[in-house]
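> Encoded as structure tokens, here's the structure I'll be asking about.
The values are calculated or read from the model by the stated rules, or taken from the named source; none is laboratory data. Please read all numbers here as calculations on a predicted model, not as lab measurements. Note: ideal-geometry Cβ built from the backbone for every residue, glycine included; neighbour counts use all protein chains shown. All accessible areas refer to the heavy atoms of the entire protein, side chains included, with ligands and DNA or RNA removed. Shrake-Rupley method; radii C 1.70, N 1.55, O 1.52, S 1.80 Å.
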Amino acid sequence: MGYNYKNKTSNVKRMNRYMLAKTLSMFEWAGLPDTIPRRELERLLQTHGHAFITEVDGELYAFAGGLGGVPDV
């Protein structure tokens with residue numbers, strides 16, 4: 001399938017995937033646990049702008065989460 005300049009949805013998705021693939025190689029991570037793959041952490045940071053890291057059953061995991069909620073001291 002060739003490039004179709006009229007298919008804007010497909011073109012935007014392709015450009016986004018290409019940009020994420022390029023920026024994935026910009027940063028190096030050291031000391032990450034096996035439960036947080038480098039690619040998954042970068043994907044969360046690139047697509048959400050943040051990642052929530054927490055301990056589950058003694059292992060660290062990265063999650064996407066909302067920044068909202070009821071304020072509670």
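> For LEU32 paired with SER10, estimate the spin-label separation in nm (one decimal), with each label point 7 Å from Cα along the Cα-to-Cβ line.
Between LEU32 and SER10, the label points sit 3.2 nm apart.
> Of the accessible area of the chain, with the probe set at 1.4 angstrom, what percent is carbon plus sulfur?
57 percent
> What's the angle, to the nearest 10 degrees (0 to 90), between helix 8-24's Cα axis and the longest principal axis of the chain?
50 degrees
> A follow-up question, please. Using only the alpha carbons of the chain, determine the length spanned along each of the three principal axes and report them from longest to shortest in whole angstroms.
Extents along the principal axes: 51, 34, 20 Å.
> Keeping every protein chain present and rolling a 1.4 Å probe, give me the accessible area per residue for the chain in Å².
Numbers: 6410 Å² over 73 residues.
It amounts to 88 Å² per residue over the chain.
> Packing-wise, with mean Cβ within 10 Å as the measure, how do 6-19, 32-45 rank, highest first?
Highest mean packing first, the order is 32-45, 6-19.
> Nearest 20 debye, what's the magnitude of the dipole of the chain about its Cα centre given +1 on Lys and Arg Cβ and -1 on Asp and Glu Cβ?
Once rounded to the nearest 20, the dipole reads 960 debye.
> Follow-up question, since we're still on this one. With point charges of +1 on the Cβ of Lys and Arg and -1 on the Cβ of Asp and Glu, referenced to the Cα centre of the chain, which listed residue (VAL70, TYR5, THR47) lies farthest in the positive direction of the dipole?
Farthest towards the positive pole: TYR5.
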